[in-house]
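Only one structure is covered here, and it is reproduced in the block below.
The values are calculated or read from the model by the stated rules, or taken from the named source; none is laboratory data. Everything numeric in this text was worked out from a predicted model, so none of it was measured. Here Cβ is always computed from backbone atoms with ideal geometry, including for glycine, and neighbour counts include all displayed protein chains. Areas reflect the complete protein model, heavy atoms only, side chains present, ligands, DNA and RNA absent. Shrake-Rupley method; radii C 1.70, N 1.55, O 1.52, S 1.80 Å.
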Amino acid sequence: MQKTIQPLLEWFEQNKRQLPWRQDKDPYHVWVSEIMLQQTRIEAVMGYYARFIGELPNVQALSEVDDDRLLKLWEGLGYYSRARNLKKAALMIQNAYGGHFPQTFAALRKLPGIGDYTAGAIASICFDERVPAVDGNVLRVHARITGSSDNVLLPAVKKSVTAALSAIMPKEAGSFNEALMELGETVCLPAAPHCGDCPLKTVCFAYQNGMTADLPVRVKQQKRRSEKLTVLVLTAPDGSIAIEKRGEGLLSGMYQLPNAAGYHSEKEINDLLTRWRLEPLSVTFLKSAKHAFTHIDWLMEGWQVAVRKPNDRFLWVSRQELQSTYPLPTAFRKIWKP
């Protein structure tokens with residue numbers, strides 16, 4: 001890996017993408033972008049990032065934003081605990097650091113929602129600390145360069161790669177970290193790497209030995225499970241839609257369409273509505289949809305239900321309010337879009 005430093009830095013200087021959070025080294029911008037980019041592609045993040053920074057331009061604004069508005073700004077990105085942790089961390093920065101971003105890996109690591117990777121990215125890019133930032137892209141590049149057959153999904157392997165990169169981290173630590181990530185995102189792709197365009201092909205074990213399809217090794221340890229769910233789009237005569245706030249667990253604190261575990265027949269739905277003190281006028285099947293979370297799949301069946309009048313069990317809102325005010329997770333939008 002020592003041999004990769006200079007060619008990689010030179011390649012990055014000539015080929016790095018012009019991304020909005022690269023226009024300066026403001027730690028707030030880097031932080032928000034890195035949290036958004038967890039589990040989300042760069043192309044999908046661009047619009048969300050611009051809207052988020054436009055409305056919440058600094059740590060203070062983020063620390064003061066209403067929770068519902070925060071989740072609305074995050075709507076569509078998923079993994080909503082990321083947004084909640086952003087606000088928690090902003091409050092900590094305001095209260096414990098006087099509104100100034102902590103400048104070391106160790107201090108950053110103590111903020112809610114900031115792990116080793118994000119702390120390493122902010123500390124190196126914004127404050128020139130010589131620490132690595134190891135994500136999936138970096139693990140893939142490292143495995144192919146070195147020919148490692150270790151399972152990159154294991155925490156111990158990530159720890160060992162982090163230690164190896166720490167030992168060779170140049171003074172341009174931020175650029176080196178960004179270059180490794182950029183190479184993984186644009187050239188050293190998982191399925192079809194562009195090896196001909198790679199500045200490291202002369203030192204890459206996988207390329208030299210025809211093993212790019214075999215590396216990195218990824219062996220998943222945890223089996224996914226599925227849950228069936230009946231989702232109801234309840235509409236009142238005035239056009240308002242029933243929503244409610246979720247409790248603890250998955251999507252905690254988000255608004256949802258009323259739902260019930262398992263698949264239910266039209267008769268069972270009518271019985272459910274009776275228990276909810278609602279009188280149905282019509283019950284119509286909408287569609288089936290699947291939504292994948294980290295370790296679970298929701299297998300949903302959606303039904304449109306017109307009711308005679310709303311009740312106080314649910315919050316009844318207009319389509320416009322769902323579009324502008326109340327955050328509705330993507331899973332439910334797969335059944336029905338406001």
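Summary of values
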item: Some residue of the stretch 240-253 being modelled with pLDDT of 95 or more, surrounded by 13 or more Cβ atoms within 10 Å (Cβ to Cβ) and within 26 Å of the chain's Cα centre (by Cα); result: yes
item: LEU229 being more than 30 Å from ALA331 (Cβ to Cβ), under 26 Å from the mean Cα position of the chain (by Cα), open to solvent by less than 70 Å² (accessible area, probe 1.4 Å) and not charged (D, E, K, R); result: no
item: Scope the stretch 23-43; condition free of Cβ contacts under 8 Å to residues at least 12 places away in the same chain, outside any loop (DSSP other than H, G, I, E, B) and either open to solvent by less than 60 Å² (accessible area, probe 1.4 Å) or under 21 Å from GLY120 (Cβ atoms) (or both); matching residues; result: LEU37
item: Subset of the stretch 308-321 (residues that are over 25 Å from ARG275 (Cβ atoms) and open to solvent by less than 70 Å² (accessible area, probe 1.4 Å)); result: SER318
item: ALA121 vs. criteria closer than 29 Å to ASP297 by Cβ and open to solvent by less than 20 Å² (accessible area, probe 1.4 Å); result: no
item: All positions within the stretch 177-192 that are in contact (Cβ under 8 Å) with a residue 24 or more places away in the chain and either out of contact with any helix residue (DSSP H, G or I) (no Cβ under 7 Å at 6 or more places or on another chain) or assigned to a helix (DSSP H, G or I) (or both); result: ASN177, GLU178, ALA179, LEU180, MET181, GLU182, LEU183, GLY184, GLU185, THR186
item: Count of residues meeting criterion [over 31 Å from the mean Cα position of the chain (by Cα) and open to solvent by 50 Å² or more (accessible area, probe 1.4 Å)] in the stretch 254-269; result: 5
item: Any strands (runs of 3 or more DSSP E) falling wholly within the stretch 270-338 and containing at least 2 residues that are of a type in the set (S, T, N, Q) and over 21 Å from the mean Cα position of the chain (by Cα); result: 280-292
item: Search result, residues across the stretch 140-176 that are among the hydrophobic types (A, V, I, L, M, F, W, C) and out of contact with any helix residue (DSSP H, G or I) (no Cβ under 6 Å at 6 or more places or on another chain); result: ALA143, ILE145, LEU153, LEU154, ALA156, VAL157, ALA163, ALA164, LEU165, ALA167, MET169, PHE176
item: Evaluation of LYS201 against (1) over 23 Å from ARG82 (Cα atoms); (2) out of contact with any Pro (no Cβ under 8 Å at 6 or more places or on another chain); (3) among the basic types (Lys, Arg); (4) in contact (Cβ under 8 Å) with a residue 12 or more places away in the chain (one fails), failing number; result: (4)
item: Wholly enclosed helices (runs of 4 or more DSSP H) of the stretch 93-153 bearing at least 1 residues of a type in the set (Val, Ile, Thr); result: 116-127, 136-146
item: The stretch 264-293, residues that are touching a residue at least 40 places away in the same chain (Cβ under 8 Å) and β-branched (Val, Ile, Thr); result: none
